[in-house]
Amino acid sequence: KLQEDVKTLKLKIEKLEEQEVAASRSSSLFQKEKQSLLEQLSNLTRQNGKLQGHISQIDRERDKAVRELDSSDEIISKMGIEVQRANFEARNLECQLSVSAARCRKLEDLLENSEKIAASLKKQQNQQEKEIDHARRETEVIRKSFQSLRNKYKKTINSFQIYKKKL
């Protein structure tokens, strides 16, 4: 029986030795795998650092672009207000010119009618001619003002378009 026990123990020892060799191999493989994973982690950490740097640069560039865009929007808004103001003034002068032109046409019609009545209305005709001259002077003054404003308006539009192209 002792021999059987010795035999059994020898078998158990052999199995344990085999298990020890297998465990040693596994441990070596695990160490290599662990080292490989640590290297991958190190590489990924470096790459992440680089990416974070790129992200920070992109964020700075985006912030700068947003500030420039906000500034451009403000300038464009101011230019738009100036254009609206110039348009309003131009329309106002156009209305004044239209009124003066209508007055002028009315006075010219009156002059034409007064010439038909000639002799008896000569005094009235002279007065109407004075009114027509006054209206023509007013019309000329308004035309000159309108032309000046139109030139300013064109300059404003041109400078706005030049600025817009620069953007």
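The values are calculated or read from the model by the stated rules, or taken from the named source; none is laboratory data. Just so we're clear, the structure is a prediction, and the values are computed from it rather than from any experiment. Note that we place each Cβ from the backbone using ideal geometry, even for glycine, and neighbour counts take in every protein chain shown.
Here are a few things to note about the model shown:
- Of all residues in the stretch 128-149, at least one satisfies being more than 26 Å from S72 (Cα to Cα), surrounded by 15 or more Cβ atoms within 10 Å (Cβ to Cβ) and in contact (Cβ under 8 Å) with a residue 60 or more places away in the chain.
- Residue in the stretch 60-82 that is part of a helix (DSSP H, G or I), over 30 Å from K166 (Cβ atoms) and of a type in the set (A, V, I, L, M, F, W, C) present: no
- Residue within the stretch 89-99 that is of a type in the set (A, V, I, L, M) and more than 30 Å from K152 (Cβ to Cβ) present: no
- Here S114 clears all of (1) at pLDDT 90 or above; (2) more than 27 Å from I157 (Cα to Cα); (3) surrounded by 14 or more Cβ atoms within 10 Å (Cβ to Cβ); (4) not basic (K, R) except the condition numbered (1).
- Pairs with Cβ under 6 Å, 6+ apart, first in the stretch 107-126 and closer than 20 Å to E138 by Cα and in a helix (DSSP H, G or I), second modelled with pLDDT of 70 or more and of a type in the set (D, E): L107/E131
- Of L37, L11, all but one fail to be modelled with pLDDT of 85 or more, of a type in the set (A, V, I, L, M, F, W, C), assigned to a helix (DSSP H, G or I) and surrounded by 10 or more Cβ atoms within 10 Å (Cβ to Cβ); the exception is L11.
- Residues considered: E131, E61. Of these, the only one that is touching a helix residue (DSSP H, G or I) at 6+ places or on another chain (Cβ under 6 Å) and among the acidic types (D, E) is E131.
- Pairing residues of the stretch 60-86 that are under 11 Å from T156 (Cβ atoms) and surrounded by 11 or more Cβ atoms within 10 Å (Cβ to Cβ) with residues that are at pLDDT 85 or above and among the charged types (D, E, K, R), at Cβ distances under 8 Å and at least 6 apart in sequence or on separate chains, gives A86/K152.
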